[in-house]
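Written below as structure tokens is the structure these notes are about.
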Amino acid sequence: MKKDTAGFTLLELIVVCMIVLTLGAATITQGINTQRSLSYKNAVNQTVQFIQSARSFALTKTADTTVQYAVLFTKNASQTIVQLVDDTNRLQETALTIPGHVTLSVSGDSVCNNSARISFAGGTAETSLQCDANTVDKLTVTLNFAGLSQTKTIVIHKISGIPQVVN
């Protein structure tokens, strides 16, 4: 009687399955990290774009200080909501939700506990910065996404109103 030697042994199949599973797990982990990193970069870019859009909208209006466009930052325990609104607090763009830790501070010293507002007056784009309803000269927004070691800081000065991304 001839012994059938075609096929794989159970041990060979288990080893191949373990290699495939290990490679699959590494690929999924890398994909999740890439997605988080892209979401973070998008949040930074969209926050800057909201500020630039509010300033641009204000410049297109006639010189009327009652018309304002603003970017609002509202914090809660796990996320920060960023909104671009007009003078009636009507949304101009879809709100951006940033998971993780966003620090709103004044000149890097005192921290805004609940909210911040960057307003631009119609026609002149004169800038007004508020931290928890207090008027300030400089606002710093530091974004630190949950699960990432990256941080980006956006600085807005009252004089120019133009956001600057640092580090």
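Nothing in this text is a laboratory measurement; each read-out follows from the coordinates by a stated rule. Note that the structure is a prediction, hence the values are computed from the model and not measured. Don't worry about glycine lacking a Cβ; one is built from the backbone with ideal geometry, like all the others, and counts go over all protein chains shown.
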**Asked** Where the eigenvalues come from the Cα gyration tensor of the chain, what are the semi-axes √(5λ) of the equivalent ellipsoid, largest first, in whole Å?
**Response** 52, 16, 12
**Prompt:** What net charge do the residues around ILE118 carry, taking every other residue with its C-beta under 13 Å from that of ILE118, with Lys and Arg at +1 and Asp and Glu at -1?
**Reply:** +2
**Prompt:** Taking only DSSP H segments of four or more residues, each worth -39500 (n - 2.57), what value at 222 nm results for the chain once the sum is divided by all its residues, to the nearest 500 deg cm²/dmol?
**Reply:** -11500 deg cm²/dmol
**Request:** If a cysteine in the chain has no other Cys Cβ under 4.7 Å from its own Cβ, put it on the list, ordered by number.
**Result:** CYS17
**Item:** Net +/- balance of residues flanking GLY161 in space, Cβ distance below 15 Å, scoring K and R +1, D and E -1
**Value:** +3
**Most positive-pole-ward Cα, THR22, THR124, ILE51, against dipole of the chain from beta carbon charges** = THR22
**Message:** Restricting to bridges with both residues inside segment 10-166, how much of the DSSP beta-bridge set is antiparallel, in percent to the nearest 5?
**Reply:** 100 percent
**Acute angle (nearest 10 degrees) that the helix 10-60 long axis makes with the longest principal axis of the chain, alpha-carbon atoms** = 10 degrees
**Complete:** Under a Gaussian network model of the chain whose springs join Cα atoms within less than 10 Å, the largest fluctuation of PHE57, PHE73, PHE120 belongs to PHE57
